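Rule-based calculations on the coordinates, nothing more; no lab input. This structure is a prediction, so every number in the text was calculated from the model and none was measured. Note that each Cβ is placed from the backbone with ideal geometry, even for glycine, and that neighbours are counted across all protein chains shown.
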Amino acid sequence: MDLQGKRILLIISGGIAAYKSLDLIRRLRERGATVRPVMSRAAQEFITPLAVGALSASHVYTDLFSREDEQDVGHIRLARDCDLVLVAPATADLMAKMAHGLADDLPSAVLLATDRPVLLAPAMNPVMWNAAPTRRNLDTLKADGVCLIGPMRGEMAESGEAGTGRMAEPLEIVAAAAALLLPQEKPLAGKRAIVTSGPTHEPIDPVRYIANRSSGKQGHAIAAALARLGADVTLVSGPVTIPDPAGVAVTHVETAEDMLSAVLSALPADIAVMVAAVADWRVVASAGQKIKKKPGEPPAPLLLAENPDILKTVGHHPDRPRLVIGFAAETQEVETNGRRKLDAKGADMIIANDVSPATGIMGGDHNRVKIISSGGIEEWPDLAKDAVAERLAALVADRLSKPA
C-alpha cells in the first residue's frame, strides 16, 4: 500500500506497548508517509523522544506549554496539519479523556482540537479493557466517529495475564490507517443487503421473557462492513445495548415473528446474512399480567411453540437473495451441525462457531469461525469480531463479482 504524501500525526501514550510505536513509525515511513510524533509524559517513561525523533526524522512534541513549540507550530496546528491522527498505543486513561472532552496535556488537547479522522490502537490490561467505565467510554468514542484497530487477544507483556488487551501489530495498524486514508473501492455499490443481529425476546408475561446471551456485536459489525463496501444495508436488530452502526438503516424488533416480518419486508435483496440468535421457541399464549408464584405450589407449565425459521424461510423464498449466509452457534459437533444447516436451510454459506461458555464468544469481542459451503470448510483464526466482519464482507464481494 502506498501512503506517499500522507501526513500522520502519531500520538504515543504511556504503556508498555509504546515500544511497538518505534516499529510502527518505520513501517509507515517505508510506505511514504510523513510521521509527526506527539508523546505523553507517561510514554517517555517507556521510550525516549530521542529514539522516536531519530526514526521519524521529525521533531517530537511533548509539552502543551512549550514556549518554542507553541510559537512554532502549536497544538491547534498539530491537530489540523495532518491527514490522520493515529494514537498507538491508546491507553484507558487517554480514551477516558477523549470520551469526556478533557484536554490537560498535549495529546488530549490535540485530540479535542482535531477535525481529522482519528484511529485508536488500544492497549491495556484485559481487566481494564473489560471494565465498565472503559466500555462506556468506548461506546461514546465509537458514536463520535472514532475508529479502532484491536485490541487483540494474547498474553500481556507486563503481567503474564492472557486476554483481550494487546495492541494490534504495526502492520495491522498500517493497514487500518491506509483503509482510512486511501480511496476505497466500493465493490458492493448498488447491492442491497439484509442483516439480522442480536437475540429475540419471547414474552412469558409483561416482565419475563425467553432469550439468549447474544450481544449483537457480530451482526452489527457485519452490517457496518457491508455498508463500507458500498452496499445498501438494512439491519434488523433484536434487543441489544450497543449503538446502531453508522450508514445502515436499522429496524428494531423484539420477537422472532417481528424479525421475520421485517426481513420479508426488506426483500428483494442481493445479500442476506442471518446472524441473529433467534429463540427457537415462544410461549403459545403470554400472560397479560405478571405470573405470581404461589407458596408451596409448582410453577404453572409453559406451553411452547416453535418459532419461524427465518434463515430457512429466506433460503427457500421466491425472492431469495443471490447470496444467503447463515450462522450456526453450536456447543458441540460444530462442523457436523453446520453442514446439516447448510443443506436444510437453503444457504450458500454457514458461519459456524463454538459458543461454549469457555470460549467467551457470546457477548465477547472476538470470534473463531468456520466457513462451511459446498466447496468445503475454511477455518479462520481467532479474530476480533470487527475483523471477522471485514473478512466476511470481502468474501461476499468476491462471491458476487463472479457470474451467478
**Q.** Residue of L226, L323, L55 that the Gaussian network model of the chain assigns the largest fluctuation, springs spanning Cα pairs under 10 Å
**A.** L55
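Going from the alpha-carbon gyration tensor of the chain, what semi-axes, largest first and in whole Å, does one get by taking the root of 5 times each eigenvalue? Present the calculation step by step, with values, prior to reporting the outcome.
Values: eigenvalues 379, 123, 70 Å².
Semi-axis lengths for the chain are 44, 25, 19 Å.
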Q: Taking a cut-off of 23 Å between Cα atoms, list the lysines near K6, but don't count ones fewer than 8 places away on the same chain.
A: K20, K186
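Kirkwood Rh, Cα Rg: Rg to Rh for segment 179-221? Please report the intermediate quantities before stating the final value.
Numbers: Rg = 17.6 Å, Rh = 13.9 Å.
Across segment 179-221, the Cα-based Rg/Rh ratio is 1.26.
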Q) Looking at segment 37-66, which chymotrypsin sites (Phe, Trp or Tyr not before Pro) are DSSP coil and have at most 11 other C-beta atoms within 10 Å of their C-beta? A) F65
Q: Springs between alpha-carbon atoms under 10 Å, Gaussian network over the chain: tell me which of I210, I25, I47 tops the mean-square fluctuations.
A: I210
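Which value, in debye to the nearest 20, describes the size of the charge dipole of the chain about its Cα centre when Lys and Arg Cβ atoms bear +1, Asp and Glu Cβ atoms bear -1, and nothing else is charged?
Numbers: 44 positive and 49 negative charges, 111 e Å.
In total the dipole reaches around 540 debye.
Only sites in a loop by DSSP and with at most 15 other Cβ atoms within 10 Å count here; which trypsin sites (Lys or Arg not before Pro) in segment 1-103 make the cut?
Numbers: sites: K6, R7, K20, R26, R27, R29, R31, R41, R67, R77, R80, K97; in loops: K6, R31, R41.
Here the trypsin sites (Lys or Arg not before Pro) that fit, given the DSSP loop and packing criteria, are R31, R41.
Suppose we flag GluC sites (Glu not before Pro) only when DSSP calls them loop and at most 14 other Cβ atoms lie within 10 Å. Which is the longest uninterrupted stretch of the chain?
Details: sites that count: E158, E161, E185, E333.
My reading of the result: 1-157 is the longest stretch.
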Q: Using Cα pairs closer than 8 Å and at least 6 residues apart in sequence, work out the relative contact order for segment 7-181, in percent.
A: 24 percent
Q: Go ahead and set up a Gaussian network model of the chain, Cα springs under 10 Å, then flag whichever of P170, P357, P107 fluctuates most.
A: P357
Q | Per principal axis, descending, Cα span of segment 7-181 in whole Å | A | 43, 32, 31
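Using r as the Cβ-Cβ distance of A54 and R116, and R0 as 30 Å, what FRET efficiency do you calculate, to the nearest 0.05?
Details: r = 26 Å, r/R0 = 0.85.
That gives a FRET efficiency of 0.70.
Mind checking the alpha-carbon convex hull of segment 192-400 and giving the volume per residue in Å³? Mind dumping the intermediate values first?
Values: hull volume 27.8 nm³, N = 209.
That works out to 133 Å³ per residue.
If you filter segment 261-349 for trypsin sites (Lys or Arg not before Pro), then keep DSSP loop positions with at most 13 other Cβ within 10 Å, what is left?
On the way: sites: R282, K290, K292, K293, K312, R322, R339, R340, K341, K345; in loops: K290, K292, K293, R322.
Those that pass, being in a loop and sparsely packed, are K290, K292, K293.
If each DSSP helix of 4+ residues adds -39,500 (n - 2.57) and the sum is divided by the residues in the chain, what number results at 222 nm, nearest 500 deg cm²/dmol? Spell out each step's value before the answer.
Numbers: 14 runs with 135 residues, N = 404.
-9500 deg cm²/dmol, from helical runs alone.
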Q. Evaluated at 10 °C with a viscosity of 1.306 mPa s, what Stokes-Einstein diffusion coefficient in µm²/s does segment 156-270 have when Rh comes from the Kirkwood expression over alpha-carbon pairs?
A. 96 µm²/s
(Q) Using the crude model of +1 on Lys and Arg Cβ and -1 on Asp and Glu Cβ, and no other charge, please compute the dipole size for segment 173-319 relative to its Cα centre, in debye to 20. (A) 420 debye
